[in-house]
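Notes follow the structure.
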Amino acid sequence: MTAIPKAIDLQAGQAPGLPGVVLCWLRNASAGLLAEKHWPYPQRTALAPKRTAATRERSSGIRAWAKDQGVAVRNRGPVPASVIAQYEAATGGS
């Protein structure tokens, strides 16, 4: 791990809290939490698949079907798996 020089610009009123912050940082650094794989930011290993127009249309179709059937479903967010299963059973999975 390479050293990265840092500067701290403190106002007079901020100085008393510095020792606690430094001790917390040192504890975390000694625990290995600042290893290269975590610095400066951890790498995201998996991203959610991008939503396409087709998936948005399918979701809105399922929501419309659910509302017509009297099933409570939110206007936003993921469609519950149980609602998708009901939709697929009723429409043959289309």
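I need V73, V22 ordered by Cβ neighbour count within 10 Å, fewest first. Mind showing how you got there, number by number?
Details: V73 16, V22 11.
With the sparsest Cβ surroundings first, the list reads V22, V73.
Work out the FRET efficiency for A85 and E57 from their Cβ-Cβ distance, taking R0 = 25 Å, and round it to the nearest 0.05. Before the final figure, lay out the partial values.
Working: r = 19 Å, r/R0 = 0.76.
According to the calculation, E is roughly 0.85.
So what J values fall out for the range 12-18 if you push phi through Karplus, 6.51 cos²θ - 1.76 cosθ + 1.60 with θ = phi - 60°, rounded to Hz, Gly and Pro as x?
4, x, 8, 4, x, x, 4
Values in this text are rule-based calculations from the coordinates and carry no lab data. As the structure is a computational prediction, the values presented were derived from the model and not from experiment. Virtual Cβ from ideal backbone geometry, glycine too; neighbours counted across all protein chains shown.
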